[in-house]
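The values are calculated or read from the model by the stated rules, or taken from the named source; none is laboratory data. Just so you know, these numbers come straight off a predicted model, no measurement behind them. As a convention, Cβ positions derive from the backbone with ideal geometry for all residues, glycine included, and neighbour counts pool all protein chains shown.
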Amino acid sequence: MSSPAAAAPAAATAPPVGDASLAGGALWALVLAGRLVTMDYDRLTTAHAGWSSNAGSVLGLLHQQGPVPAGALAARCGLRDSTVTGILDKLALQGLVHRGTDPDDRRRAVVELTAAGADQLESVFPVLERASAQIAGCLSAQEQDQLLLLLSKLVHARVPGAL
């Protein structure tokens with residue numbers, strides 16, 4: 001039987017996560033949060049569309065940026081070249097992406113989202129919106145804006161043009 005103290009609501013502030021330096025608690029919290037969100041994202045996209053979060057990253061980037069040189073996809077998605085090659089193979093077989101050549105430089109391959117890929121990606125958006133609202137529900141609107149700003153800054157420092 002639980003005591004009344006055990007049933008008390010959680011504190012309004014975040015629990016401590018180690019020391020306050022980026023190399024300590026903040027970095028650990030960032031890595032853990034990323035893993036937890038990725039697990040949720042994988043579960044939802046696999047259940048709804050049959051593809052992983054990595055495939056979703058590729059599709060989302062193509063949806064957002066249009067045709068992208070194949071060589072730039074891995075860096076912009078934060079994935080290994082070999083991982084992106086495997087993802088593109090699967091997505092192309094499903095008719096979700098098209099590999100072609102750059103009209104300005106025929107030596108360079110470009111990848112673009114097909115209409116079927118855009119349709120499937122857009123069908124996942126409402127599912128991801130609900131999940132995002134649930135995940136970020138513990139943050140105020142101002143905190144969500146601040147988090148997006150800070151995460152975007154970290155990403156752009158490593159991979160310009162990723163978001």
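Only residues that are within 21 Å of ARG35 (Cβ to Cβ) and of a type in the set (Asp, Glu): list them for the range 132-154, please.
As a first pass, look at the range 132-154 and keep what is within 21 Å of ARG35 (Cβ to Cβ): 132-139, 143-144, 147-148, 150-154.
Residue satisfying the conditions is GLU143 alone.
Collect the residues in the range 50-74 that are under 17 Å from ASP102 (Cβ atoms) and either touching a Gly at 6+ places or on another chain (Cβ under 9 Å) or aromatic (Phe, Trp, Tyr) (or both), keeping them in residue-number order.
LEU62, GLN65, PRO67, ALA72
Can you find a residue that is modelled with pLDDT of 90 or more, of a type in the set (Asp, Glu) and touching a strand residue (DSSP E or B) at 6+ places or on another chain (Cβ under 7 Å) anywhere in the range 104-118? Before the answer, list the steps.
Here is the first cut: in the range 104-118, the ones modelled with pLDDT of 90 or more are 110-118.
Now restrict to residues that are of a type in the set (Asp, Glu): 112.
Those still in the list that are touching a strand residue (DSSP E or B) at 6+ places or on another chain (Cβ under 7 Å) too: 112.
So far as the range 104-118 goes, yes, one or more of its residues are modelled with pLDDT of 90 or more, of a type in the set (Asp, Glu) and touching a strand residue (DSSP E or B) at 6+ places or on another chain (Cβ under 7 Å).
Could you tell me whether any residue of the range 129-142 is under 24 Å from THR45 (Cα atoms), of a type in the set (Ser, Thr, Tyr) and either in contact (Cβ under 8 Å) with a residue 60 or more places away in the chain or in contact with a Ser or Thr (Cβ under 6 Å, 6 or more places away or on another chain) (or both)?
The initial filter retains those residues of the range 129-142 that are under 24 Å from THR45 (Cα atoms), namely 129-139.
Checking the rest, the ones that are also of a type in the set (Ser, Thr, Tyr) come to 132.
Checking which are either in contact (Cβ under 8 Å) with a residue 60 or more places away in the chain or in contact with a Ser or Thr (Cβ under 6 Å, 6 or more places away or on another chain) (or both) leaves us with none.
Scanning the range 129-142, I find no residue that is under 24 Å from THR45 (Cα atoms), of a type in the set (Ser, Thr, Tyr) and either in contact (Cβ under 8 Å) with a residue 60 or more places away in the chain or in contact with a Ser or Thr (Cβ under 6 Å, 6 or more places away or on another chain) (or both), so the answer is no.
Which condition does ALA109 not pass, out of (1) assigned to a helix (DSSP H, G or I); (2) more than 14 Å from the chain's Cα centre (by Cα), if it passes all the others?
Among (1) assigned to a helix (DSSP H, G or I); (2) more than 14 Å from the chain's Cα centre (by Cα), the lone unmet condition for ALA109 is (1).
Take the range 53-74 and flag every residue that is crowded, with 17+ Cβ neighbours inside 10 Å and under 14 Å from the mean Cα position of the chain (by Cα).
SER53, ASN54, ALA55, GLY56, SER57, VAL58, LEU59, GLY60, LEU61, LEU62, LEU73, ALA74
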